[in-house]
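> Take a look at the following structure, please.
The values are calculated or read from the model by the stated rules, or taken from the named source; none is laboratory data. In this text, all values refer to a predicted model and were calculated from it rather than measured experimentally. All Cβ positions, even for glycine, are placed from backbone atoms using ideal geometry, and neighbour counts span all protein chains on display. Remember, those area values only see protein heavy atoms, side chains included, never the ligands or the DNA or RNA. Shrake-Rupley method; radii C 1.70, N 1.55, O 1.52, S 1.80 Å.
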Amino acid sequence: MRLRNWIAVVVSVLLLAAAGVVGFLVNRSALRAADAVHRSDSSALGTNNGTLTGQLQLNSAAELAEILAEHALNLAAGSEKDRAMLEVAAAKSATFQYGMLTADMSGRILTSSRQAGLPKADDPAWAPMRALLAAGKPGFSDVMVVEGVAVTAVAVPIMVNGSPAGVLIGLNQVAKTSLQSYLARLYSEAHRTTVVDSTGTVGAASEAAMIGTDVDPAVKPTLSQSGVHFVEYTSGKTPMIAIVYGGLPSGWSYVRTQTKSSFDGVVHDRSQTLNLTLLAMLLIGVAGISVLGYRTQVTRRRADERFQALFQHAPDLVSVLDGRGRIVFSSPSAHSVLGFKTGALAGHSVFDVVHPEDQPEMRERFTVLLSDPSGVIRLQCRVRSADGDYRWFDFTASNQMHNPALAGLVINARDVSENRAFQERLEHEAQHDPLTGLPNRRRMQDALGSTLRNAPVAVLFVDLDGFKPVNDAFGHEVGDELLRQVADRLSACVRSGDVLSRVGGDEFVMLMPGVTPEDAESMSGRLRYVLELPFRIGGQEILIGASIGVHVAPAAEDPDAALRAADHAMYAIKHTGGSRGTGIDMSWVGRHRAEA
């Protein structure tokens, strides 16, 4: 009997030991998979934020290019005309209100919108900007401190006869840039988000107090490397990790730092707890068979509870699909993220909740994934929530059909709706006038070029008569409001398929595809009529006019030539007296009368 008991104890201990070893291996495998997914998601997040950061910086260079497209510069040292233009441009700019200046190709400052508070000419922070300009790219400086204020410079070349003759430089106070505003919205107690220059100096941060400080020396060697890199180091006695996205067009880098423990999160803590529990089970098993079954059941129940708690509070959706796309398992987070009750999606096809427009691509990608036993794909698509709304998700799917523990396609999905909305807003702002909301010159030229390939287009070039006196008399705020009201009136005249854009200060262009010269002239008269009606702004009744040049471009005509022809037609009318040249009384242009 004693021998049998010992045999039972030994067998029980061996079985428990085997189960413990399997538990350790499964736990380690799950931990590695979770770490891989977490690092992949963190890398994707760093790439997205780094890309958006680079786009914001390129937008600032594009603003300088638009200024050069609208204004000619003398490039003479101390030019009063250039100074006046720079002062106006800086005042209007949302990015370079600190100041603007021109310089020759050697870096010597020619004219500046401000008399003091300029960075020193020999400041080494100019060097990266000059190197980028020499490579034919927009230039971006490192952070410079002027009278206690951190500033950076953005520069584009001034081209004369196809060759660079000088440089237009915009200065921005880094604490007030759109990039700083964006990073401030990323503030979190768990991590610090920064954008640093090529030397490691912080130029924007989720905490404004970090601007002008340096990143940890352990991070600096990776700043010059393109792509996403993870840097583990120690700050004091605290283990840290940094996600670095280098290779931005400006030569700057996106850096997010946090403690290693917060980065690893609850997965590692739970893993350690599970290991200790398994060890306790082995020791208890040696002590006696009587508690073996009980302890095994308790451990299994606790492990399931931990597993469910982990997935219940995870921000990502984790699902397992069978070979036909049906949902075999969906994590409880589906309730908090999409509003579906736990288990409600099981048995349904994943395509039931995917937007109809995204289903063809998703089916094609999943078919390819099924054919690759070790395949992993990433895609973004819209997913329907329980209330019927669609939200953008970033999917990472791996083929685990060969894995007996899963036997399906494992999907990790993260809600990226806010990032998508921000990216779409950036794209919209790049193609629309910020004052009127109309398409800008770039958007108009794209539309003109694509339409002229297949059909004739009437180009109406509208220049306001009497706008400058109004602007001079009442200031830019009234002038801006007048431009907005002009845009509203012109927009009310356009047909479906027409394109109305603002291409300059008081210049607008309307494109009318597939119309006759008579239709174009009729529209021209209508536009003049609505613009000659009184405008009421701030208790004042303001009257202006408009000179409108009309050119009907045949199909396949060069878009630039069509635009120049309409421009010349407008100037021909302007030289004959504007609306006066069309038989309209212009004696009232630019006048106003007070509210009675």
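> Pairs under 6 Å by beta carbon, first residue farther than 19 Å from ALA34 by Cβ and open to solvent by 30 Å² or more (accessible area, probe 1.4 Å) in segment 387-399, partner in a loop (DSSP other than H, G, I, E, B) and at pLDDT 85 or above, six or more apart or different chains?
Hits for this filter: TYR390/HIS355.
> Please state which of the following conditions GLY479 fails to meet, knowing it meets all the rest: (1) over 30 Å from the mean Cα position of the chain (by Cα); (2) within 28 Å of ASP560 (Cα to Cα); (3) not in a strand (DSSP E or B); (4) not hydrophobic (A, V, I, L, M, F, W, C).
Checking GLY479 against (1) over 30 Å from the mean Cα position of the chain (by Cα); (2) within 28 Å of ASP560 (Cα to Cα); (3) not in a strand (DSSP E or B); (4) not hydrophobic (A, V, I, L, M, F, W, C), the one that fails is (2).
> Looking at (1) assigned to a helix (DSSP H, G or I); (2) in contact with a strand residue (DSSP E or B) (Cβ under 7 Å, 6 or more places away or on another chain), which is the only condition ILE158 fails?
(1)
> Here are GLY388, GLY325: which of them is out of contact with any strand residue (DSSP E or B) (no Cβ under 6 Å at 6 or more places or on another chain) and at positive phi?
GLY388
> Restricting attention to segment 229-244, which residues are open to solvent by less than 40 Å² (accessible area, probe 1.4 Å) and under 30 Å from VAL154 (Cα atoms)?
Selection gives VAL231, ALA242, ILE243, VAL244.
> Oh, and also: What are the pairs, 6+ residues apart or on separate chains, where a residue within segment 267-283 that is farther than 14 Å from VAL298 by Cα and crowded, with 19+ Cβ neighbours inside 10 Å has its Cβ under 9 Å from a residue that is at pLDDT below 75 and of a type in the set (Phe, Trp, Tyr)?
Every condition considered, the pairs that remain are ARG270/PHE307.
> For segment 516-528, state whether one or more residues are more than 20 Å from TYR571 (Cα to Cα), surrounded by 15 or more Cβ atoms within 10 Å (Cβ to Cβ) and at pLDDT 90 or above.
no
> Give the residues of segment 210-234 that are within 21 Å of VAL151 (Cβ to Cβ), under 24 Å from the mean Cα position of the chain (by Cα) and free of Cβ contacts under 8 Å to residues at least 40 places away in the same chain, sorted by residue number.
MET210, LEU223
> Would you mind stating whether ASP82 is on the phi < 0 side of the Ramachandran plot, open to solvent by less than 40 Å² (accessible area, probe 1.4 Å), modelled with pLDDT under 90 and touching a strand residue (DSSP E or B) at 6+ places or on another chain (Cβ under 7 Å)?
When the stated conditions are applied, ASP82 passes them.
> Take ASP358 and tell me if it is in contact (Cβ under 8 Å) with a residue 24 or more places away in the chain and loosely packed, with under 15 Cβ neighbours inside 10 Å.
It is false that ASP358 is in contact (Cβ under 8 Å) with a residue 24 or more places away in the chain and loosely packed, with under 15 Cβ neighbours inside 10 Å.
> Would you tally the residues in segment 427-461 being in a helix (DSSP H, G or I), in contact (Cβ under 8 Å) with a residue 24 or more places away in the chain and more than 10 Å from PRO559 (Cβ to Cβ)?
4
> Next question, about the same structure. Suppose the filter is open to solvent by less than 70 Å² (accessible area, probe 1.4 Å) and of a type outside the set (S, T, N, Q); does ALA94 pass it?
No: the conditions fail for ALA94.
> Inspect all residues belonging to segment 107-114 and state whether any of them is in a loop (DSSP other than H, G, I, E, B), of a type in the set (S, T, N, Q) and within 24 Å of LEU248 (Cα to Cα).
Within segment 107-114, none of the residues are in a loop (DSSP other than H, G, I, E, B), of a type in the set (S, T, N, Q) and within 24 Å of LEU248 (Cα to Cα).
> So, in segment 494-552, of the ones that are hydroxyl-bearing (Ser, Thr, Tyr), touching a residue at least 24 places away in the same chain (Cβ under 8 Å) and outside any strand (DSSP E or B), which residue ends up nearest to THR436 (Cα to Cα)?
Applying the filter and picking the extreme gives SER524.
> Right, something else. If you check ALA165, ALA153, which single one turns out to be open to solvent by 40 Å² or more (accessible area, probe 1.4 Å), under 28 Å from ALA72 (Cβ atoms) and touching a residue at least 24 places away in the same chain (Cβ under 8 Å)?
Sole residue among the options that is open to solvent by 40 Å² or more (accessible area, probe 1.4 Å), under 28 Å from ALA72 (Cβ atoms) and touching a residue at least 24 places away in the same chain (Cβ under 8 Å): ALA165.
> Quick check on my filter: what residues within segment 200-218 are surrounded by 15 or more Cβ atoms within 10 Å (Cβ to Cβ), part of a loop (DSSP other than H, G, I, E, B) and among the hydroxyl-bearing types (Ser, Thr, Tyr)?
SER206 - this is the single residue of segment 200-218 that is surrounded by 15 or more Cβ atoms within 10 Å (Cβ to Cβ), part of a loop (DSSP other than H, G, I, E, B) and among the hydroxyl-bearing types (Ser, Thr, Tyr).
> Moving on. Give the residues of segment 184-198 that are closer than 27 Å to LEU101 by Cβ and either free of Cβ contacts under 8 Å to residues at least 60 places away in the same chain or among the acidic types (Asp, Glu) (or both), sorted by residue number.
VAL196, ASP197
> Oh, and also: Among the residues of segment 123-138, how many are outside any helix (DSSP H, G or I) and either touching a Ser or Thr at 6+ places or on another chain (Cβ under 7 Å) or touching a residue at least 40 places away in the same chain (Cβ under 8 Å) (or both)?
2
> So, one more: Go through ALA413, ALA458 for me and flag whichever is surrounded by 19 or more Cβ atoms within 10 Å (Cβ to Cβ), more than 17 Å from the chain's Cα centre (by Cα) and under 26 Å from ARG495 (Cβ atoms).
One residue alone meets the criteria, ALA458.
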